[in-house]
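These notes are about the structure you will find just below.
The values are calculated or read from the model by the stated rules, or taken from the named source; none is laboratory data. Given the structure is predicted, the values throughout are model-derived calculations rather than measurements. Please note: Cβ atoms are built from the backbone with ideal geometry, for glycine as well, and neighbour counts cover all protein chains shown.
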Amino acid sequence: MKIIRISITIVLISMANLLFAGDGMWLPLLLKALNEGEMQSMGMKLTAEDIYSVNQGSLKDAIAHFGGFCTSEVISDQGLLLTNHHCGYGQIQSHSTLENNLLKDGFWAQSQDEELANPGLFARFIVRMDDVTDKILAGVTKDMDEKERQSVVDKNIEEYKGTLRLKEFHDVIIRPFYHGNQYFSFQTVTFNDVRLVGTPPESIGKFGADTDNWEWPRHTGDFSLFRIYAGPNNEPAEYAEENVPYKPKHFLPISLDGVEEGDFTMIFGFPGRTNQYLPASAVEQIVETLNPAKIEIREKALAILDEKMRADEEVRIQYASKFARIANYWKKWIGESQGLVKTKAIDKKKRFEEEFKMKNRSNPSNVSLLPQMDQLYKANESYAFTRDYFSEVASRNIELLSVSSILGRLVNRYENNGEDAYNGYLGRVKGYLKGFYKDYRPDIDQEVFAALTEMYVKNVNPMYVPDELKNIKGTKGFQMLASNLYGNSFISNEDKMMELLDLEPTAAIEKLKMDPAYMLSSAWSSMIDEKVNKPYNENKAQLDELQRKYMQAIIETFPEKRFYPDANSTMRVSYGQVNGYKPKDGVCYTPVTYLDGVIEKYVPGDYEFDVHPKLIELHESKDYGQYADTNGQVPVCFLGSNHTTGGNSGSPAIDAHGNLIGLNFDRVWEGTMSDINYDKSICRNIMVDARFVLFIIDKFAGASHLIEEMELVHPKGE
């Protein structure tokens with residue numbers, strides 16, 4: 001079995017490479033061999049050891065995986081943690097009521113005693129990384145099919161984990177890279193006591209809301225503050241009042257010097273998923289079939305929620321987080337498709353594939369990979385379309401069916417493993433439902449149900465429509481179905497549902513299985529599993545095998561090129577520069593926005609563009625303190641050419657000296673296709689300027705005690 005390794009010989013840095021700096025999400029462990037020289041040629045003053053070290057405190061020790069879905073960074077020696085407002089949104093919402101609305105009014109703990117606990121929230125640090133490819137692929141041979149291969153890999157992973165002696169709260173994560181051609185382990189330590197310290201009001205932290213999401217110019221103070229608490233000896237511990245602030249191995253000083261166009265920028269974090277090496281046929285399917293379907297479904301759901309939220313403040317609070325979640329990827333998919341078309345990504349991939357075939361003309365097994373993949377993508381298209389449609393309708397946007405699916409797992413545990421398994425899972429279900437019903441309006445969900453099920457029946461092949469929906473005719477028919485379903489379901493009523501779950505298991509299961517919403521969800525998902533997921537997964541298994549072989553083949557075919565691994569929620573570094581861009585003819589965006597722009601966008605009373613009176617007062621009086629730039633303005637956001645994706649939200653923007661200069665929170669709409677096709681001409685990440693963060697904490701909130709914790713520096717000597 002040939003093991004692919006990225007060697008130093010394929011990464012000799014030339015001036016030509018610098019034209020493409022910004023592309024890639026690189027493993028910190030490998031920076032010395034792969035990237036250090038290029039990064040330093042772009043202005044970085046650090047060494048690879050300063051960024052990643054096992055033996056001494058380094059930048060990696062200040063970077064935490066926030067809740068498993070965002071990134072955060074430690075910015076004081078007392079465990080003060082900075083992340084995005086939208087990353088902490090769920091926690092901020094959970095502490096909000098009509099009488100004490102933290103979302104609307106903000107929150108600033110005046111002492112550590114006032115900091116708010118967040119059950120279930122964690123901050124996870126990487127202790128060390130190791131290349132374990134030899135261990136994980138031991139015994140794998142070329143003649144194995146994918147199932148046999150994976151069985152050996154899984155066995156090796158478990159055996160390797162068994163050789164490690166880990167402390168409590170420590171763990172090891174092993175992930176495949178280059179589509180399974182290489183494996184790395186990540187030893188972690190997790191802190192489970194993470195408390196809310198401060199958040200600006202939504203009028204700052206979410207300024208521009210959905211209109212400005214994925215857009216530039218941006219004027220959003222997208223940040224919130226938390227604190228990590230530890231038990232005795234600075235070790236992780238479950239929440240306890242006697243826990244004390246964590247003392248980190250490293251924290252990030254904050255630069256007061258700001259940025260200029262061309263400055264080096266580094267993003268450090270936990271990017272979620274990218275697919276840079278898909279064949280052209282897969283990208284074509286995304287642009288022409290899959291994205292349009294998902295966009296249309298979410299557009300319909302969002303229109304209903306928006307109307308209800310604008311009419312009722314309580315509904316707006318309850319549905320704020322849901323709306324933001326749904327809108328986020330709706331808009332992202334639109335920009336992604338447009339960006340792929342604009343940059344001619346499909347044509348570019350086709351040219352690369354032709355070059356690949358030409359270089360492999362004497363290697364038929366490599367040449368055959370792409371036609372095989374193209375054929376399988378075509379065969380899988382109707383299944384992929386239906387899977388996405390079902391997922392968007394029944395799993396993500398109709399809450400009644402989503403909860404029914406969770407209850408289905410409870411039924412399965414009872415039927416497959418008995419009462420003990422049922423009772424073991426019941427507590428988790430009750431805990432989830434308690435939070436769910438707090439922010440649930442069955443009348444709104446009923447309207448969403450009627451609209452989306454009608455779309456499903458209209459647009460999906462009839463053979464994939466459940467019998468319960470086949471004979472429903474017209475909008476009124478679906479509205480009547482929804483009315484009957486929600487009126488007769490226990491699941492749409494909190495009191496009835498919790499009363500049912502208090503019954504003894506046999507009675508509860510019997511009653512639940514007769515619930516009309518549960519029956520529809522169960523029948524629908526069973527039909528999808530059998531008719532759609534089963535053949536889809538069979539084809540997907542073959543595609544995964546071919547993609548792995550294709551990845552190996554392109555690395556071997558182009559030894560002069562660098563191929564970074566796709567993101568997979570592991571720690572990565574991306575680097576670039578502060579740069580504007582030209583999204584279209586006649587339009588040129590500069591890379592920095594200012595507080596003046598907030599005032600220019602101000603729309604009194606508008607939930608997206610209202611401005612807090614205190615911020616208006618500070619702007620009028622020019623009371624900016626030490627946070628203004630040399631022109632007397634307060635910077636708000638800036639652009640960089642760093643390669644980022646979901647999961648990089650909350651990642652620190654770090655300068656050439658290792659100081660915090662900003663906080664990553666978004667990408668520009670035209671460049672959201674960077675998950676599939678990074679193109680430096682229009683791919684930009686958006687960061688809130690660290691000076692604006694400090695300005696809001698100090699001048700707006702009056703929380704100077706938090707500023708006193710931080711180390712503020714002038715690396716440019718100003």
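Per-structure values
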{"read-out": "Residue selected from segment 87-108 under the condition of a type in the set (A, V, I, L, M) and assigned to a helix (DSSP H, G or I), by the criterion farthest from N664 (Cα to Cα)", "value": "L102"}
{"read-out": "Selection status of N84, buried (at least 24 other Cβ atoms within 10 Å of the Cβ) and not aromatic (F, W, Y)", "value": "yes"}
{"read-out": "Tally of residues being surrounded by 15 or more Cβ atoms within 10 Å (Cβ to Cβ) and within 30 Å of the chain's Cα centre (by Cα) across segment 147-171", "value": "9"}
{"read-out": "Any chance H219 is modelled with pLDDT of 95 or more, farther than 30 Å from S96 by Cα and part of a loop (DSSP other than H, G, I, E, B)", "value": "no"}
{"read-out": "Count of residues meeting criterion [touching a residue at least 12 places away in the same chain (Cβ under 8 Å), of a type in the set (A, V, I, L, M, F, W, C) and under 16 Å from L452 (Cα atoms)] in segment 296-322", "value": "5"}
{"read-out": "Any chance K470 is surrounded by fewer than 14 Cβ atoms within 10 Å (Cβ to Cβ) and under 27 Å from Y319 (Cβ atoms)", "value": "no"}
{"read-out": "Any chance I406 is among the β-branched types (V, I, T) and surrounded by fewer than 19 Cβ atoms within 10 Å (Cβ to Cβ)", "value": "yes"}
{"read-out": "Residue count for segment 688-718, restricted to those that are of a type in the set (A, V, I, L, M, F, W, C) and over 25 Å from I267 (Cβ atoms)", "value": "3"}
{"read-out": "Enumeration of residues in segment 344-362 that are more than 17 Å from V287 (Cβ to Cβ) and of a type in the set (A, V, I, L, M)", "value": "M358"}
{"read-out": "Pair list, Cβ < 6 Å and 6+ apart or interchain, from segment 693-718 residues that are modelled with pLDDT of 95 or more to residues that are among the aromatic types (F, W, Y)", "value": "V693/F223; L694/Y627; F695/Y627; A701/W108; A703/W108"}
{"read-out": "Total residues in segment 681-697, condition farther than 13 Å from V634 by Cα and either in a helix (DSSP H, G or I) or touching a Leu at 6+ places or on another chain (Cβ under 8 Å) (or both)", "value": "5"}
{"read-out": "Residue identified as in a strand (DSSP E or B) and surrounded by 20 or more Cβ atoms within 10 Å (Cβ to Cβ) among F251, F268", "value": "F268"}
{"read-out": "Spans of strands (runs of 3 or more DSSP E) in segment 552-651 with at least 2 residues surrounded by fewer than 19 Cβ atoms within 10 Å (Cβ to Cβ)", "value": "581-584, 587-589"}
{"read-out": "Flag for K167 being touching a helix residue (DSSP H, G or I) at 6+ places or on another chain (Cβ under 8 Å) and of a type in the set (K, R)", "value": "no"}
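One line per residue, one yes/no per condition, for (1) at pLDDT below 95; (2) out of contact with any strand residue (DSSP E or B) (no Cβ under 9 Å at 6 or more places or on another chain):
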residue: N233; (1), (2): yes, yes
residue: V244; (1), (2): no, no
residue: A280; (1), (2): no, yes
residue: L290; (1), (2): no, yes
